[in-house]
Amino acid sequence: MRILVTGANGRLGSSIAQLLNIENHTVVGVDIDTMDITDSESVQETFSVSQPNLVIHCAALTAVDYCAQHPDEAIETNGFGTQTIALACQQHDAAMVYVSTNEVFDGTSNRAYREYDTPNPVNPYGYSKYMGEQIVRDLVSRHFIVRTAWLFAHGGRNFIHVMLDLAQKGKPLRVVTNEIGSPTYTNDLAAAVCRLIQTDQYGIYHLVNAGQASRYEFARHVLDLAGYTIIPIEPITLEEYPRPSRPPEYASLRNMAGARLGITLRPWKEAVAAFLDVDPVARPGAEK
Ligand SMILES: NC(=O)c1ccc[n+]([C@@H]2O[C@H](COP(=O)([O-])OP(=O)(O)OC[C@H]3O[C@@H](n4cnc5c(N)ncnc54)[C@H](OP(=O)(O)O)[C@@H]3O)[C@@H](O)[C@H]2O)c1
């Protein structure tokens, strides 16, 4: 397949592009320096040259607090930028994977969200990503909407890196107990997406590592596995940790649609252990 990956320098896009290359697809990876998704000319030109059969759309403004402070910019990139990609897919008869988020839900459920539960975003990032979902559903008949959550990847900096950094420096750790989600390893998600695109089972998917955790449980598990068992973490609530973007409280995802196809991700605790095994920054005492 000829596959165009947007956001290919990012956490997920780079994992996906790497795996697709190993699987011998013809892959064109683009990011904001080569194709700005808010610039339709740049998108048209890239599609004309690469002629993709499939587009995996990972590019987005993902800094949730920045999105809360610049909601129009979030809409421009995550909403209208996605529209530009979806229209190009339509014109070139390409299928599309749109990567979305657990933040499309309001977090008031008392169970993990299923694929066809009703979204109701509660912050500007979630709003802009849900706008993208609706556009893709309206414009591209062959689409996969893949919702995921709480990504950790080897490149860049993520929640695991921040927790280990604070522990290594002996700084106090305060982590919230009432934000619940689904920690997910980008390598596992990339493998699941690569399997999904081999099917023609278009629709909505929740691809996350199995299980759920509070931010506090996630942090505690990371520190314990990395050998920082005696370092305390102060449990706090979201109210004690105000941020520009308030996350949905209970927004873990349940993978039902993928499981029907045999596409499941291992439990998140196993994924964290696998991540720590190979991530150089994650080893105790590692140099930054
Ligand atoms: N990270 C998570 O925990 C998480 C959770 C759920 C869902 N998701 C979704 O998963 C997808 C991938 O997330 P990620 O964590 O891999 O994101 P990421 O690391 O922030 O990568 C996104 C990439 O998109 C690029 N980009 C931003 N604006 C662009 C534009 N106008 N044109 C072209 N490229 C642009 C970014 O460039 P710059 O870095 O220069 O801005 C970045 O390289 C996103 O759709 C996100 O909404 C992420």
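The values are calculated or read from the model by the stated rules, or taken from the named source; none is laboratory data. Just so it is clear, the structure is predicted and the values come from calculations on it, not from any experiment. For neighbour counting, all protein chains shown are included, and Cβ atoms are generated from backbone atoms with ideal geometry for every residue, glycine included.
Any idea which residue in the stretch 1-32 is farthest from VAL49 (Cα to Cα), counting only those that are within 14 Å of the ligand (Cβ to nearest atom) and among the β-branched types (Val, Ile, Thr)?
Filtering first and then ranking leaves ILE16.
Looking at this structure, is LEU207 among the hydrophobic types (A, V, I, L, M, F, W, C), in contact with a strand residue (DSSP E or B) (Cβ under 7 Å, 6 or more places away or on another chain) and either at pLDDT 95 or above or buried (at least 19 other Cβ atoms within 10 Å of the Cβ) (or both)?
Details: among the hydrophobic types (A, V, I, L, M, F, W, C): yes; in contact with a strand residue (DSSP E or B) (Cβ under 7 Å, 6 or more places away or on another chain): yes; either at pLDDT 95 or above or buried (at least 19 other Cβ atoms within 10 Å of the Cβ) (or both): yes.
So LEU207 passes the test.
Is there any pair with a first residue in the stretch 151-164 that is assigned to a loop (DSSP other than H, G, I, E, B) and a second that is more than 7 Å from the ligand (Cβ to nearest atom) and of a type in the set (A, V, I, L, M, F, W, C) whose Cβ atoms are under 7 Å apart and which are 6 or more apart or on different chains, and what are they?
ASN158/PHE152
Checking LYS169 against (1) modelled with pLDDT under 95; (2) surrounded by 15 or more Cβ atoms within 10 Å (Cβ to Cβ); (3) over 21 Å from the mean Cα position of the chain (by Cα), which single condition isn't satisfied?
Going through (1) modelled with pLDDT under 95; (2) surrounded by 15 or more Cβ atoms within 10 Å (Cβ to Cβ); (3) over 21 Å from the mean Cα position of the chain (by Cα) one by one, LYS169 breaks only (2).
Give the residue that is surrounded by the most Cβ atoms within 10 Å (Cβ to Cβ), with candidates limited to residues of the stretch 245-279 that are over 20 Å from the mean Cα position of the chain (by Cα) and assigned to a loop (DSSP other than H, G, I, E, B).
Going residue by residue through the stretch 245-279, those that are over 20 Å from the mean Cα position of the chain (by Cα) are 260-262, 277-278.
Now narrow it down to the ones that are assigned to a loop (DSSP other than H, G, I, E, B): 261-262.
Details: LEU261: 14, GLY262: 8.
Once the filter is applied, the top-ranked residue is LEU261.
So is ILE75 more than 21 Å from ASN187 (Cβ to Cβ), in contact with a His (Cβ under 9 Å, 6 or more places away or on another chain) and not aromatic (Phe, Trp, Tyr) or not?
no
For every residue, the table says whether it meets (1) within 22 Å of ALA68 (Cβ to Cβ); (2) of a type in the set (Phe, Trp, Tyr); (3) assigned to a loop (DSSP other than H, G, I, E, B).
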| site | (1), (2), (3) |
| --- | --- |
| ILE135 | yes, no, no |
| LEU189 | no, no, no |
| GLN201 | no, no, yes |
| GLU217 | no, no, no |
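Can you tell me which residue is farthest from ALA190 (Cα to Cα) among those in the stretch 1-50 that are at pLDDT 95 or above and in contact with a His (Cβ under 7 Å, 6 or more places away or on another chain)?
Selected residue: PHE47.
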